[in-house]
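K.L.:
Take this structure first; my questions come after.
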Amino acid sequence: MSYLDKQDKKIADLIKKEEARQANGLEMIPSENHSSKAVREASGSILTDKYSEGYPGMRYYGGCEFVDKVENIARDRAKELFGVSHANVQPHSGSPANQAIYFALVDPGDTVMGMSLYFGGHMTHGLKVNFSGTYYNSVQYTTDKDGFMDYEAIHALASEHKPKMIMAGTTAYPRFIDWKKLRAIADDVGAWLVADISHISGLVVSGDHPSPAGIVDVIMTTTHKTLRGPRGAMILCNGNESNPLKKPERTKENLPSLIDRAVIPGLQGGPHNHQTAAIAVALGEALTPEFKEYGHQIAKNAKVLSEELMKLGFNLVTGGTDNHLMVVDMNNKNISGKEAEKALGLAGITVNKNTVPFDPRSPFDPSGIRLGTPALTTRSMKEPEMKRVAAWIDEAVKNYKDEKYLQGLHAEITKFSQDFPLPN
Ligand SMILES: *Cc1c(COP(=O)(O)O)cnc(C)c1O
C-alpha cells in the first residue's frame, strides 16, 4: 500500500482509475503520450520542494547546488538535441512559454500574425479571447480550401499588415511546415519568426519532420507531446551568451537574454525543479537511437492508419498525413465530431472533436475529429495494429447510436490492449 493509499484514498483511487482507463483503452489524442516511469519518478521527486528563482549560478535562493546541476543538464541536452546554442527549460507549460516569447519580442498593441485555431493553429497564436488576441493586434491566417498551408496567402497578409512577429506552428495540421518559405515571408516584412513545434518536436528529433533550427528566430516546444516527457515547455534560440541581469536591445544576438529575462522576472517566479529534472530525463531518452526509431514508427503508423481510414470511406483533411496526426471530416458519415468523439469514447478509443477548414458547423459542435499515433506507438503498436484500430473506428462510427454494441467493442479493445502495456 502506498502512502497516498493510506493518507488519501479518494485521490489514490481516482489515480488508479485513470491508469486503468489509459491501460484498457486506446489514447489517440495526438497531443498526449505515455511518459516513462523514470520521467514520472523524477517528476514526483522531492525537487518539487525546492525554490530557485533565477538561473543556474545566479539564484535568489540558497541551497541550489544540486538543482543548478539538474537545470544545466536539461539545458545541455536540449541544446544538443535541437542543435541550438541556448535553451530555457523553465516555462511551466506551452502557453506560458508563448507568453514569454511575446513579452520578449513585441509590445502590447503591436501587430502579430498566427494561424487561426479553427484551421489548426493554437489559441496563443492570436485567438481573440486569448491574451495574444487581447493585448496584441492579432492577424490570423487560414489554410486553403483543402486544408493546406497557403504560403502565398500568408505572404500577402503579412505584406498588408506588417506584423512584428509571425507565430508558426500547429495543433491540428497533418502536413509538413515549410520553415524556409515562412523565413522568406518574415524577412520580407521584417518580422520575428517563431516556430511552435509543440506537437511535432519528437518527429523533429527523429528527423521525421524538417527542423526549424537555424531557420527561425525562436523555437518553442512543449515537452509532453511527441517528445514524451513531463508537462512543461522549452524555449530554444541562438545568439550571444545570456546575460539576464542587463536589459538588452531587441536584436538577434540578444535573443538568449531577451528570452531568459522574459521568463523570469518577466513572467514566472520559481522554476518547477521536479519538472526540470523530469524534462532532463526525457531529453536523455530522446537522445537515444531507440527514440529515433520511435519517431519513425509514429509516422509510419499514422501513414497506415490514414490509408486504412480512407479505404473505409473516411474523408481526411488534406487527403492524408505527413506527421503523427490526422483530422477526419465526418460530414460524409452523417455524424458530427462531437457524436463521433462520444461513440469512440464508449468503445474505449479516446479522440477529440475538432473543426475542419471552413467548418460549416460551430467550434463547439464541429464537423471533425482529430486523432494521432504517438501514445499507441509508445505502447509498441505497429502497422498491423493500426489496421485493426481503423476497423474499430469504422465499426464504432457505423454503430454510434448503439451503446450496447459500443460497450462490446470496448471489451474487445480492452482485451487487445493487455498485449500492449503502458511503458515502464
Ligand atoms: C500544446 C500546445 C501549446 C500549449 O501548451 P500547454 O502546455 O497546453 O499550455 C502551444 N502551442 C501549440 C502548437 C501546442 O500544440
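The values are calculated or read from the model by the stated rules, or taken from the named source; none is laboratory data. Being a predicted model, the structure only gives us computed values, none of them experimental. In this analysis, Cβ positions are derived from the backbone assuming ideal geometry, glycine residues included, and neighbour counts consider all displayed protein chains. Surface accessibility is based on the protein's heavy atoms, side chains included, excluding ligands, DNA and RNA. Shrake-Rupley method; radii C 1.70, N 1.55, O 1.52, S 1.80 Å.
K.L.:
Which of the residues that make up region 162-172 are within 16 Å of P210 (Cα to Cα) and more than 9 Å from the ligand (Cβ to nearest atom)?
P.N.:
A168
K.L.:
So the check is Cβ under 8 Å with 6+ separation or different chains; which pairs have a first residue in region 334-356 that's without any contact (Cβ under 8 Å) to a residue 40 or more places away in the chain and a second one that's part of a helix (DSSP H, G or I) and surrounded by fewer than 19 Cβ atoms within 10 Å (Cβ to Cβ)?
P.N.:
Every condition considered, the pairs that remain are K353/K338.
K.L.:
In addition: Can you tell me how many residues in region 209-222 are touching a Leu at 6+ places or on another chain (Cβ under 8 Å), within 20 Å of D260 (Cβ to Cβ) and within 16 Å of the ligand (Cβ to nearest atom)?
P.N.:
Adding up the residues that qualify gives 5.
K.L.:
Another question, then. Select, from S206, S159, the only residue that is away from the ligand (no atom under 15 Å from the Cβ) and touching a Lys or Arg at 6+ places or on another chain (Cβ under 6 Å).
P.N.:
Of S206, S159, the one residue that is away from the ligand (no atom under 15 Å from the Cβ) and touching a Lys or Arg at 6+ places or on another chain (Cβ under 6 Å) is S206.
K.L.:
Of the residues V328, V317, V304, V356, only one is assigned by TED's automatic domain parsing to the domain that holds G408, surrounded by fewer than 24 Cβ atoms within 10 Å (Cβ to Cβ) and not charged (D, E, K, R); which?
P.N.:
V304
K.L.:
Testing K50 on (1) open to solvent by 70 Å² or more (accessible area, probe 1.4 Å); (2) of a type in the set (K, R); (3) touching a helix residue (DSSP H, G or I) at 6+ places or on another chain (Cβ under 8 Å), one condition comes back false. Which one is that?
P.N.:
(1)
K.L.:
Return the total of residues in region 100-111 being open to solvent by less than 20 Å² (accessible area, probe 1.4 Å) and more than 14 Å from the ligand (Cβ to nearest atom).
P.N.:
Taking region 100-111 as the starting set, the residues that turn out to be open to solvent by less than 20 Å² (accessible area, probe 1.4 Å) are 100-102, 104-106.
Now drop any that are not more than 14 Å from the ligand (Cβ to nearest atom), which leaves 104-106.
Matching residues across region 100-111 total 3.
K.L.:
Can you name the residue in region 79-99 that is within 12 Å of the ligand (Cβ to nearest atom) and either of a type in the set (G, A, S) or more than 27 Å from L287 (Cα to Cα) (or both) and, of all such residues, is surrounded by the fewest Cβ atoms within 10 Å (Cβ to Cβ)?
P.N.:
First pass over region 79-99, keeping only residues within 12 Å of the ligand (Cβ to nearest atom): 91-99.
Narrowing further to those that are either of a type in the set (G, A, S) or more than 27 Å from L287 (Cα to Cα) (or both): 93-95, 97, 99.
On the way: S93: 16, G94: 26, S95: 18, A97: 29, Q99: 21.
Going through the qualifying residues, I end up with S93.
K.L.:
Identify, by number, the condition in (1) assigned to a loop (DSSP other than H, G, I, E, B); (2) buried (at least 20 other Cβ atoms within 10 Å of the Cβ); (3) in contact with a strand residue (DSSP E or B) (Cβ under 9 Å, 6 or more places away or on another chain); (4) touching a residue at least 40 places away in the same chain (Cβ under 8 Å) that R228 doesn't meet.
P.N.:
R228 satisfies all of (1) assigned to a loop (DSSP other than H, G, I, E, B); (2) buried (at least 20 other Cβ atoms within 10 Å of the Cβ); (3) in contact with a strand residue (DSSP E or B) (Cβ under 9 Å, 6 or more places away or on another chain); (4) touching a residue at least 40 places away in the same chain (Cβ under 8 Å) except (3).
K.L.:
While we're on this one: Residues that are in a loop (DSSP other than H, G, I, E, B), open to solvent by 10 Å² or more (accessible area, probe 1.4 Å) and among the hydroxyl-bearing types (S, T, Y): does region 215-225 have at least one?
P.N.:
no
K.L.:
Hey, another quick one. Answer with yes or no whether A280 is away from the ligand (no atom under 15 Å from the Cβ) and either closer than 26 Å to S31 by Cβ or open to solvent by less than 10 Å² (accessible area, probe 1.4 Å) (or both).
P.N.:
Yes: the conditions hold for A280.
K.L.:
Oh, and also: State which residue pairs qualify: first residue in the same structural domain as H155 (by TED's automatic domain parsing) and over 18 Å from K162 (Cβ atoms) and inside region 107-134, second residue within 13 Å of the ligand (Cβ to nearest atom) and in a strand (DSSP E or B) in any location, beta carbons under 7 Å apart, and separation of 6 or more residues or different chains.
P.N.:
Correct list of pairs: G121/G114; G121/M115; H122/G169; H122/D196.
K.L.:
Looking at G57, G25 in this structure, which one is of a type outside the set (S, T, Y) and open to solvent by 10 Å² or more (accessible area, probe 1.4 Å)?
P.N.:
Only one candidate qualifies: G57.
K.L.:
With the structure loaded, tell me whether N254 is touching a residue at least 12 places away in the same chain (Cβ under 8 Å), open to solvent by 10 Å² or more (accessible area, probe 1.4 Å) and more than 15 Å from I101 (Cβ to Cβ) or whether it fails that test.
P.N.:
no
K.L.:
Still on this model: Here's a check for you: in region 113-139, which residue that is more than 14 Å from the ligand (Cβ to nearest atom), of a type in the set (V, I, T) and under 28 Å from T318 (Cβ atoms) is surrounded by the fewest Cβ atoms within 10 Å (Cβ to Cβ)?
P.N.:
My answer is V129.
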